[in-house]
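Engineer: This is the structure I have questions about; it appears just below.
The values are calculated or read from the model by the stated rules, or taken from the named source; none is laboratory data. If you're wondering where the values come from, they're calculated on a predicted model, not measured in any experiment. We place every Cβ from the backbone using ideal geometry, glycine too, and count neighbours over all the protein chains shown. The protein model used for the area step is the full one, side chains on, heavy atoms only, and it has no ligands, DNA or RNA in it. Shrake-Rupley method; radii C 1.70, N 1.55, O 1.52, S 1.80 Å.
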Amino acid sequence: KYHGVVRCALGWDCWKTYRGRPERDEFRITAMRMLGSGLTCAGHDEDALPVKEAELAMLWRLGASLHETLVTQSNLANTYMKVGRLESALQIKRDVYSGRVKKDGEEHEYTLIAANNYSSSLNSLERFEEAKVLLRKTMPVAQRVHGESNELTLRMRVNYAQSLYCDDGAT
């Protein structure tokens, strides 16, 4: 908890220092990112949300790289989850997964992580069939690329098991 408060204070100080710079300035962009993550680390997710939304909007305006935009979207989706906006988080996680497939291909680790995050959100919203379909497609890829005992492969299996045993409609 101590580190979260310190990180939040550092984020605010960075933002106060660099907010007057042009929007394209790397220090300003980094200060905004530090403010959002500092607020999150201190448990101020409701306050972090508009900062992270503004960061994403700014990156789109500036034409940031797809990788940077996808990372920022993932962070925003995690914040939506923390404040209980599960549907908003799901939409973003779906977009991140689609973006990763297009950018990196189906076998890339970032794509598989995005698939796992997306399936976890589907499970949270009790959309178990959709989670099972996604994981049946991506788990074999993770097993082939990363191996049976890889942490990501095992996390995907856990999500798949959840989608099976939590589904009241399953037989």
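Engineer: Tell me, please, whether a residue that is β-branched (Val, Ile, Thr) and either touching a residue at least 60 places away in the same chain (Cβ under 8 Å) or closer than 27 Å to residue 8 by Cα (or both) can be found in the range 89-104.
Structural biologist: Scanning the range 89-104, I find at least one residue that is β-branched (Val, Ile, Thr) and either touching a residue at least 60 places away in the same chain (Cβ under 8 Å) or closer than 27 Å to residue 8 by Cα (or both), so the answer is yes.
Engineer: Among the numbered criteria (1) farther than 22 Å from residue 48 by Cβ; (2) assigned to a helix (DSSP H, G or I), which single criterion is violated by residue 87?
Structural biologist: Residue 87 satisfies all of (1) farther than 22 Å from residue 48 by Cβ; (2) assigned to a helix (DSSP H, G or I) except (1).
Engineer: Looking only at residues that are small (Gly, Ala, Ser) and part of a helix (DSSP H, G or I) in the range 126-167, which one is surrounded by the fewest Cβ atoms within 10 Å (Cβ to Cβ)?
Structural biologist: 161
Engineer: Please pick out the residue among 70, 76, 35, 39 that is in contact with a Phe, Trp or Tyr (Cβ under 7 Å, 6 or more places away or on another chain), hydrophobic (A, V, I, L, M, F, W, C) and surrounded by 20 or more Cβ atoms within 10 Å (Cβ to Cβ).
Structural biologist: Testing whether each residue is in contact with a Phe, Trp or Tyr (Cβ under 7 Å, 6 or more places away or on another chain), hydrophobic (A, V, I, L, M, F, W, C) and surrounded by 20 or more Cβ atoms within 10 Å (Cβ to Cβ) leaves just 35.
Engineer: Being over 16 Å from the mean Cα position of the chain (by Cα), among the basic types (Lys, Arg) and within 30 Å of residue 135 (Cβ to Cβ): is that true of residue 52 here?
Structural biologist: Considered against the rule, which asks whether it is over 16 Å from the mean Cα position of the chain (by Cα), among the basic types (Lys, Arg) and within 30 Å of residue 135 (Cβ to Cβ), residue 52 comes out as no.
Engineer: Every residue in the range 73-88 that is of a type in the set (Lys, Arg) and without any contact (Cβ under 8 Å) to a residue 12 or more places away in the chain, please.
Structural biologist: 85
Engineer: Find all pairs meeting these conditions: Cβ atoms under 8 angstrom apart; at least six residues apart or on different chains; first residue within the range 143-154 and on the phi > 0 side of the Ramachandran plot; second residue open to solvent by less than 50 Å² (accessible area, probe 1.4 Å) and assigned to a helix (DSSP H, G or I).
Structural biologist: Correct list of pairs: 147/153.
Let's see how each residue does on (1) open to solvent by 50 Å² or more (accessible area, probe 1.4 Å); (2) not hydrophobic (A, V, I, L, M, F, W, C):
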site	(1), (2)
20	yes, yes
26	yes, yes
52	no, yes
59	no, no
83	no, no
92	no, no
95	yes, yes
102	yes, yes
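Engineer: While we're looking at this one, here's another question. Determine whether residue 117 is free of Cβ contacts under 8 Å to residues at least 60 places away in the same chain, open to solvent by less than 20 Å² (accessible area, probe 1.4 Å) and either touching an Asp or Glu at 6+ places or on another chain (Cβ under 8 Å) or closer than 21 Å to residue 76 by Cβ (or both).
Structural biologist: Considered against the rule, which asks whether it is free of Cβ contacts under 8 Å to residues at least 60 places away in the same chain, open to solvent by less than 20 Å² (accessible area, probe 1.4 Å) and either touching an Asp or Glu at 6+ places or on another chain (Cβ under 8 Å) or closer than 21 Å to residue 76 by Cβ (or both), residue 117 comes out as no.
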